[in-house]
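Just so it is clear, none of the values below were taken in a lab; they were calculated from the coordinates. Since the model is a prediction, treat every value here as computed from it, not as a measurement. Here the Cβ is made from the backbone with ideal geometry for all residues, glycine too, and neighbour counts use every protein chain on show.
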Amino acid sequence: MNPQRRVLSAMAILLVTGLACSLTGTPAAPTTTSSPAVPTDTATPAVPTDTPVPTVAPAPTLPAGSGPCEADASVNLDIYTRPSLLADVFGSLGPGLTVSISGRTADGWLGFDPGVAQAANIGVFRLRWIPPGASVGLTGNCAGVPIESWVPAPGVCYQMSMGPVEVHASADPSSAVSHTLMIGEFVAVTGRTPTGWLFVNGNDGNVPGVIGFIAELEMNANGPCDSIPTV
């Protein structure tokens, strides 16, 4: 090969090698796409502070001393036949009078036996009631006075059985007996028949589920029983 052709061949080799290097060079690093930032300052919705919260008035704090619980009034105050301001007023308790508390309600009424003749009344019906928060001084173990499991409602006529009284399915002595009322079981009297029967309802007394008729001759009433409707 002559010298001129040898030089051209060498130049061609250099050109090809340079082109190959430019084609096979290290590729550029890809641009990183950043992830969307997660907000860290998202505020929790504020809870309104002016929303009224229902409250229940607490029962009065009772002393837990020794001896019987006694109450004496500092002013004249009304006492009630049942633990409700809607009940009839029994009388007045005034300064200098002390009564022994023998029952109470969960909402703060204090019950006592007035010590008068109550031949027809039994159990919780013998109690008269001092309202919660009344101006009375309390001494003794008032916190230990039992809470009555049931108390009569105002404006309701009740049957207070002094012995076994049969509750019939209908106003007929030959009808089925669904329950026998015993001493201490009280039912509301809500109706009267022209034939001498009373409709009673234990759901409004202390024997839920007892509903039927009793003979009016066996009635021992407590409450507003003069205006029982006819059924």
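In this label model, residue 74 and residue 143 are separated by 2.1 nm, measuring between points 7 Å along each Cα→Cβ vector.
Spacing of the modelled spin labels on residue 120 and residue 183, each 7 Å from Cα toward Cβ, amounts to 1.9 nm. Of the peptides 65-77, 206-218, 150-162, the order by per-residue mean of other Cβ atoms within 10 Å, starting with the highest, comes out as 150-162, 206-218, 65-77.
With a Förster radius of 35 Å, plug the Cβ-Cβ distance of residue 203 and residue 135 into 1/(1 + (r/R0)^6) and report the FRET value to the nearest 0.05.
Plugging the Cβ-Cβ distance into 1/(1 + (r/R0)^6) gives 0.45.
Stretched out straight at 0.36 nm per residue, the stretch from residue 226 to residue 106 would grow longer than its current Cα-Cα span by 40.1 nm.
What is the sum of charges around residue 189, taking Lys and Arg as +1, Asp and Glu as -1, for the other residues whose C-beta is under 13 Å from the C-beta of residue 189? Display every interim value, and only then the final one.
On the way: positive: 192; negative: 204, 216, 218, 226.
Result for the neighbourhood of residue 189: -3.
For region 164-170, backbone phi angles converted through the Karplus equation (6.51, -1.76, 1.60; θ = phi - 60°) give residue-by-residue couplings of x, 10, 7, 9, 9, 5, 8 Hz, Gly and Pro being listed as x.
Between residue 153 and residue 61, the contour length at 0.36 nm per residue exceeds the Cα-Cα span by 30.7 nm. Entry note: region 59-132 has Rg to Rh equal to 0.94, where both radii use alpha-carbon atoms and Rh is the Kirkwood radius.
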